[in-house]
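Student: First the structure, which I've put down as structure tokens, then a few questions once you've had a look.
The values are calculated or read from the model by the stated rules, or taken from the named source; none is laboratory data. Note that the coordinates shown come from a computational prediction; the quantities given were computed from them, not determined experimentally. Neighbour counts run over all protein chains shown; Cβ positions are idealised from the backbone, glycine included. Heavy atoms of the whole protein, side chains included, go into the accessibility calculation; ligands, DNA and RNA do not. Shrake-Rupley method; radii C 1.70, N 1.55, O 1.52, S 1.80 Å.
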Amino acid sequence: RNGPTWTARISLLAIPLLAVALSRRRGPRVFTKAELAQYVDTRRGLKVAICGQVFDVTKGAEFYAKGAGYGFFAGRDASLAFATGNFKTNLTDNVSSLADAQLLDLQNWVNETYHKKYVYEGVVAGYFYDAKGQPTEDHLRFDERVEKAREAAARQALDVEKYPDCASRRTQSARSVSCKKGRVP
């Protein structure tokens, strides 16, 4: 009778669970560029950021460790180089110079490769996210351009279906049109 009641015991047990739930609500971990730069070897772990999202790529050390083919991606967000293939001068997160189709490819890499293959760790403050982990204006523009690129790709796919690939041939004596699937527009 002098100890805590049953409901008080439940509440005391719920506090750690509540703390975990509240910590999850705060959002993703936000890395500074300096913090992210510390994850460039397998002793501490390898982390790569792409489109501002940080992934633990330690299990892919054969690709991302120092001296490996993509070792220059470790400890930074080099989204521009990822899209352009210029691994010397484009090691930056600013992707404003990319064409819409390149942005779409970059977003597909994030969703179809990194989220499926590696552990998501948080975000890095920079071009895509601010110091509080909120999307920047640049990130919102990026998302808009990616959406427009998706819409354009969908329209193009419909056009390919509607208007088949055709080739025309013309000589002095004859003219011909041949199309895949045997249709002539």
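Student: Among the lysines, select those whose C-alpha is under 16 Å from the C-alpha of Lys162, and discard any that sit fewer than 8 residues away in the same chain.
Tutor: Lys180, Lys181
Student: Moving to a separate point now. What whole-number distance in Å separates the alpha-carbon centres of the stretch 84-157 and the stretch 27-45?
Tutor: About 19 Å separates the Cα centre of the stretch 84-157 from the one of the stretch 27-45.
Student: Among the lysines, select those whose C-alpha is under 26 Å from the C-alpha of Lys33, and discard any that sit fewer than 8 residues away in the same chain.
Tutor: The reachable lysines, counting only those whose Cα sits under 26 Å from Lys33, are Lys47, Lys59, Lys66, Lys88, Lys116, Lys117, Lys132.
Student: Let me ask you something else. Assigning unit charges at the beta carbon (Lys, Arg +1; Asp, Glu -1) and nothing else, what dipole magnitude in debye, to the nearest 20, does the stretch 62-119 show about its Cα centre?
Tutor: 240
Student: What does the accessible area per residue of the stretch 96-184 come to in Å², with a 1.4 Å probe and no ligands, DNA or RNA counted?
Tutor: It amounts to 72 Å² per residue over the stretch 96-184.
Student: Amide H of Leu46 versus every other amide H placed in the peptide plane: which residues, excluding those fewer than 5 positions away on the same chain, fall under 5 Å?
Tutor: Correct list: Val57, Thr58.
Student: Place the peptides 93-101, 149-157 in order of packing, highest mean first, counting for every residue the other Cβ atoms within 10 Å and averaging per peptide.
Tutor: 93-101, 149-157
Student: Using θ = phi - 60° and the Karplus relation 6.51 cos²θ - 1.76 cosθ + 1.60, list the HN-Hα couplings for the stretch 81-98 in order, rounded to whole Hz, with x at every Gly or Pro.
Tutor: For the stretch 81-98, the Karplus-derived couplings read 5, 4, 7, 8, x, 8, 8, 9, 10, 9, 7, 9, 8, 6, 10, 5, 7, 6 Hz, x marking Gly and Pro.
Student: Non-local amide H neighbours of Glu121 (under 5 Å, H modeled in plane, Pro and chain starts lacking H): which ones?
Tutor: Answer set, sorted by chain and number: Val54, Phe55, Asp56.
Student: So how exposed is Tyr70, as accessible area in Å² (1.4 Å probe, rounded to 10)?
Tutor: 100
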